[in-house]
Amino acid sequence: MTIYVGNLSYRATEADLKLVFAEYGEVKRVVLPTDRETGRLRGFAFVDMIEDAQEDAAITELDGAEWMGRQLRVNKAKPREEERRSSWVKK
């Protein structure tokens, strides 16, 4: 499972997120997407942890928590949809 972390401060770093989520277990991976054109952070992240129970605990504790002046939205990430641009292609 992957955790979606929304409403992030644009100052948040991968190390910051690892530190926060490490309180709930071992962090496997953190991804901070950036805007393709500007290279700036997009205000959300994805976090993977070693065990599902750790991810559930992190979601429960951090959803709605105030961090870096923002109220976090933390939940299970939805599976990525098929290529969105394919909808304009005739089938």
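The values are calculated or read from the model by the stated rules, or taken from the named source; none is laboratory data. Predicted, not measured: the structure shown is a model, and the values here were computed from it. All Cβ positions, even for glycine, are placed from backbone atoms using ideal geometry, and neighbour counts span all protein chains on display. SASA here: full protein model, heavy atoms, side chains in, ligands and nucleic acids out. Shrake-Rupley method; radii C 1.70, N 1.55, O 1.52, S 1.80 Å.
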With the structure loaded, tell me whether Arg84 is of a type in the set (Lys, Arg), modelled with pLDDT under 95 and within 21 Å of Met1 (Cβ to Cβ) or whether it fails that test.
no
Starting from residues that are touching a residue at least 12 places away in the same chain (Cβ under 8 Å) and β-branched (Val, Ile, Thr), keep the ones in region 18-52 and report whichever is surrounded by the most Cβ atoms within 10 Å (Cβ to Cβ).
Val47
Identify the residue in region 53-66 that is open to solvent by less than 50 Å² (accessible area, probe 1.4 Å) and not β-branched (Val, Ile, Thr) and, among all such residues, is farthest from Asn7 (Cα to Cα).
Gln54
Of these, Leu32, Leu41, Leu8, which one is closer than 15 Å to Ala65 by Cα, touching a strand residue (DSSP E or B) at 6+ places or on another chain (Cβ under 7 Å) and hydrophobic (A, V, I, L, M, F, W, C)?
Leu8
